[in-house]
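Report on the following structure.
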Amino acid sequence: RKEVEQDPGPFNVPEGATVAFNCTYSNSASQSFFWYRQDCRKEPKLLMSVYSSGNEDGRFTAQLNRASQYISLLIRDSKLSDSATYLCVVYGQNFVFGPGTRLSVLP
Amino acid sequence: EADIYQTPRYLVIGTGKKITLECSQTMGHDKMYWYQQDPGMELHLIHYSYGVNSTEKGDLSSESTVSRIRTEHFPLTLESARPSHTSQYLCASRGGGDTQYFGPGTRLTVL
């Protein structure tokens, strides 16, 4: 079993849709959690950190459930520019990246 | 924008050649990392460093080596390139917080 697992994707959604990504992790000692965005053939870039209390940044909302070892990312009113691969990242001793979920927002 | 640089951006080389992938950052970050990523696959940590003269192997077995003689510089070397080394190599750095900043990557093709 992989240490970080994500929805397999791809997600193809129309503009304006709400999209939810799910991620689970196996190491209960993990300390920090993140969502990164990676555009095709580019480097990953931090989208947002994830806190137990939940956090929101504009159209993006991230949630963490430590008891269930589950992380989520919600994108509201999706834009064409949101098309990318979304990586769930967990930090314990080192950073462990999930395989990513690809999102295509269609006009 | 993060100040972390990688050269070359693209490299096509023959089997058996020695290559060094360069990574530099101007943010004064102590922690630096090398990841390998095949197309459509997740990133795998191959080396990391927590400061000058500190280097460790990551989770993915790799035939590469690294050095950290200066804070800003973390080169990765392959003594004898093979087709199985064809991949994208991403360098990252981190300061006092949890955020990693990635360089643009080097796409390596070994023929």
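So which of B:71, B:26, B:99, B:15 is in contact with a helix residue (DSSP H, G or I) (Cβ under 9 Å, 6 or more places away or on another chain) and not aliphatic (A, V, I, L, M)? Working first, answer last.
Details: B:71 fails: in contact with a helix residue (DSSP H, G or I) (Cβ under 9 Å, 6 or more places away or on another chain); B:26 fails: in contact with a helix residue (DSSP H, G or I) (Cβ under 9 Å, 6 or more places away or on another chain); B:99 fails: in contact with a helix residue (DSSP H, G or I) (Cβ under 9 Å, 6 or more places away or on another chain).
None of the other options fit; the residue is B:15.
Here is a list: A:52, A:72, A:81. Which entry is under 15 Å from residue A:8 (Cα atoms) and surrounded by fewer than 20 Cβ atoms within 10 Å (Cβ to Cβ)?
Being under 15 Å from residue A:8 (Cα atoms) and surrounded by fewer than 20 Cβ atoms within 10 Å (Cβ to Cβ) holds for just one of A:52, A:72, A:81, which is A:72.
Among B:77, B:55, which is the only one that is in a strand (DSSP E or B), free of Cβ contacts under 8 Å to residues at least 60 places away in the same chain, among the polar types (S, T, N, Q) and more than 25 Å from residue A:91 (Cα to Cα)?
B:77
Of everything in the stretch A:6-38, what is within 14 Å of another protein chain (Cβ to nearest Cβ) and either hydroxyl-bearing (Ser, Thr, Tyr) or surrounded by fewer than 17 Cβ atoms within 10 Å (Cβ to Cβ) (or both)? Give them in sequence order.
A:8, A:9, A:10, A:25, A:26, A:27, A:30, A:31, A:32, A:36, listed by residue number.
Quick one: in the stretch B:57-77, which of the residues that are hydroxyl-bearing (Ser, Thr, Tyr) and over 11 Å from the mean Cα position of the chain (by Cα) is surrounded by the most Cβ atoms within 10 Å (Cβ to Cβ)? It would help to see each step written out before you state the result.
Start the filter on the stretch B:57-77 by keeping residues that are hydroxyl-bearing (Ser, Thr, Tyr), which leaves B:61-62, B:64-65, B:67, B:71, B:77.
Going one step further and asking which of them are over 11 Å from the mean Cα position of the chain (by Cα), we end up with B:61-62, B:71.
On the way: B:61: 8, B:62: 19, B:71: 16.
Applying the filter and picking the extreme gives B:62.
Of all residues in the stretch A:55-69, which are farther than 19 Å from residue A:28 by Cβ, surrounded by 13 or more Cβ atoms within 10 Å (Cβ to Cβ) and either more than 11 Å from the chain's Cα centre (by Cα) or not aliphatic (A, V, I, L, M) (or both)?
Let us first name the residues in the stretch A:55-69 that are farther than 19 Å from residue A:28 by Cβ, namely A:55-62.
Among the residues that remain, those that are also surrounded by 13 or more Cβ atoms within 10 Å (Cβ to Cβ) are: A:55, A:59-62.
Result: A:55, A:59, A:60, A:61.
Answer yes or no as to whether residue B:35 is within 20 Å of residue A:86 (Cα to Cα) and at pLDDT below 95.
Details: within 20 Å of residue A:86 (Cα to Cα): yes; at pLDDT below 95: no.
So residue B:35 fails the test.
Which of the residues spanning the stretch B:87-111 are in contact with a Leu (Cβ under 6 Å, 6 or more places away or on another chain), over 12 Å from residue B:23 (Cα atoms) and in a loop (DSSP other than H, G, I, E, B)?
B:99
Could you go through the stretch B:90-103 and let me know if any residue there is more than 14 Å from chain A (Cβ to nearest Cβ), surrounded by 13 or more Cβ atoms within 10 Å (Cβ to Cβ) and free of Cβ contacts under 8 Å to residues at least 40 places away in the same chain.
There is no residue in the stretch B:90-103 that is more than 14 Å from chain A (Cβ to nearest Cβ), surrounded by 13 or more Cβ atoms within 10 Å (Cβ to Cβ) and free of Cβ contacts under 8 Å to residues at least 40 places away in the same chain.
Which one of A:53, A:68, A:28 is part of a loop (DSSP other than H, G, I, E, B), of a type in the set (Ser, Thr, Tyr) and farther than 28 Å from residue B:58 by Cα?
Checking each option against the conditions leaves just A:53.
Check the stretch A:36-43 and report whether any residue there is assigned to a strand (DSSP E or B) and modelled with pLDDT under 95.
no
Filter the stretch A:85-95 down to the residues that are at the interface with chain B (Cβ under 8 Å from one of its Cβ atoms) and more than 9 Å from the chain's Cα centre (by Cα), then identify the one that is modelled with the lowest pLDDT.
The residue in question is A:94.
The values are calculated or read from the model by the stated rules, or taken from the named source; none is laboratory data. Every value quoted in this text rests on a predicted model; they were computed, and no experiment measured them. Neighbour counts are summed over all protein chains in view; Cβ atoms, including those assigned to glycine, are modelled from backbone coordinates with ideal geometry.
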